[in-house]
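To start, the structure under review is shown below, and the notes come after it.
The values are calculated or read from the model by the stated rules, or taken from the named source; none is laboratory data. Not measured: the values here are computed from a predicted model. A quick note on method: Cβ atoms are made from the backbone with ideal geometry, for glycine too, and the neighbour counts reach across all protein chains shown.
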Amino acid sequence: MPLVFVHGVNVRCEDDPAEFESSVRSRDALFREISFRDAVSESPKMAIFNPYWGDLGASFPWNHAGLPRGEQETFGPEDEALSLLLDEVVTDPSSPGLVALETARRGTLIDAIDLLWAASSSRTPNVEEATAWAAAGAAAAQYAHLNPRPAWLGQVGTDPQFISRLRNELEEFTLPTSADSDTSSQQEAFGGTASSKLTAGIELVRKRLPGLTNAARRKVGAAFVSRNRAELHRRLARFFGDVFVYLRFRGTVDQPGQIVSRILSDLERADNLRGQEGKRLYVIGHSMGGVILYDILTNFRPDIRIDALVTVGSQVTVFEEMKLFTEHTSDTRFNPGLDKISRPANVDCWINVFDEQDVLGFATEGIFSGTKDYAFSTGKPLLAAHSSYFSQPSFHERLAERLGSDCR
């Protein structure tokens, strides 16, 4: 079963190639271990295509020379991302070593797990470790959903102790299966033969604890915003710049632009693979990636059948209202506010997900018919919410449920 994932704007492999590749591995592992574990019989062999188009996005030859200059201190991409993740978590800077534990105590255990796995998603140097990390996340998420506020949270006092106790709990935990399942496998254990994978995955999370502590300390003080003005400027410039570049250079059906051509190449490869094996074809677009996928599926290749389209934190409806899609640029058939646009004929199922705190995520049901909107809380504010979906095990758990119920 092939999957094509299209990223959004402001994604640059060249900023930190190792971190970028690690993040992709981590996301792919969560797709295999959680989101699509029930959709394929051999998920490790699931073909995932990740067309990268960031290098074709906006560039700034003068290197942002228009930015006011002054004494500046900027965080690297990891620290900035962690700082955003911690924006609503860190309230007591005197005890930054309690970030994960306090998150669990003030919210639920799944909140802490999502924070820990999101913070460690760029720490998976190879496929084996990414798989172990994702499998441990899947186990932790299932445990947390059944034990949202376990009593043992009051028995540990630091984040390292919290991680150790979580690992011990997972070793002993068994997940009851449905009543109509095969009686020969009434329980799935996270211990036993899976112990080594669980240990390896938890260890990757444990190694990221110092990063949480450092990010928590650096958030203290009003100077944080001013020190990061330059970085914020660059990110916003690339964000809007990538949108403008895509719209200007997307090309035509006869002569697709470079971004469209690159994504089309992987989409066609996935379609051919699906045809050879008689499998389903899934496509997922994050943010601008969902916009590009909709544009491709309605204009450039409306002949490719998609079993399920998933748009996450995306702006498809905004682009539609502004008539920026080639298909509907001069469409006068619709009476705004009364009529709706049908789901693309070549898309069998369309799921749209957004966080209500994500200012860049929009619903679809008010403009399109045949879609299904779902709200998902990342527990993060604003830009942190927008970038946190795919690194949280609980998101993948929900995606698996919705794909199973809505896109059979």
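Kindly establish whether residue 156 is farther than 22 Å from residue 395 by Cα and either at pLDDT below 85 or touching a helix residue (DSSP H, G or I) at 6+ places or on another chain (Cβ under 9 Å) (or both). It is true that residue 156 is farther than 22 Å from residue 395 by Cα and either at pLDDT below 85 or touching a helix residue (DSSP H, G or I) at 6+ places or on another chain (Cβ under 9 Å) (or both).
Scanning the range 168-190 for residues that are under 27 Å from residue 98 (Cα atoms) and either at pLDDT 90 or above or not in a helix (DSSP H, G or I) (or both) yields 168, 169, 170, 173, 190.
Scanning the range 16-65 for residues that are touching a helix residue (DSSP H, G or I) at 6+ places or on another chain (Cβ under 8 Å) and among the aromatic types (Phe, Trp, Tyr) yields 20, 31, 36, 49, 52, 53, 60. Looking only at residues of the range 307-321 that are aliphatic (A, V, I, L, M) and assigned to a helix (DSSP H, G or I), we find that the one that is farthest from residue 351 (Cα to Cα) is 318. Any idea which residue in the range 254-274 is farthest from residue 346 (Cα to Cα), counting only those that are free of Cβ contacts under 8 Å to residues at least 60 places away in the same chain and either surrounded by fewer than 13 Cβ atoms within 10 Å (Cβ to Cβ) or hydroxyl-bearing (Ser, Thr, Tyr) (or both)? For the range 254-274, the residue satisfying everything is 255.
Among residues of the range 363-378 that are assigned by TED's automatic domain parsing to the domain that holds residue 343, those with a beta-carbon under 9 Å from a residue that is loosely packed, with under 15 Cβ neighbours inside 10 Å and in a strand (DSSP E or B) at least six positions away or on a different chain give the pairs 363/375; 368/342; 369/342; 370/342.
Just one of the listed residues (165, 149) is farther than 16 Å from residue 393 by Cα, at pLDDT 70 or above and outside any helix (DSSP H, G or I), and it is 149.
The set of residues from the range 346-356 being surrounded by 19 or more Cβ atoms within 10 Å (Cβ to Cβ) and not charged (D, E, K, R) comprises 347, 349, 350, 351, 352, 353, 354. Within the range 346-394, the set of residues being on the phi > 0 side of the Ramachandran plot and not in a loop (DSSP other than H, G, I, E, B) comprises 382 only.
Here the range 1-17 is the region considered, the condition is being in a helix (DSSP H, G or I) and farther than 24 Å from residue 47 by Cβ, and the residue that is modelled with the lowest pLDDT is 15. Residues being buried (at least 19 other Cβ atoms within 10 Å of the Cβ) and either more than 21 Å from residue 285 (Cα to Cα) or modelled with pLDDT under 90 (or both) are entirely absent from the range 51-67. In this structure, does residue 283 turn out to be assigned by TED's automatic domain parsing to the domain that holds residue 361, part of a strand (DSSP E or B), among the β-branched types (Val, Ile, Thr) and touching a helix residue (DSSP H, G or I) at 6+ places or on another chain (Cβ under 6 Å)? Judged against the criteria, residue 283 is a match.
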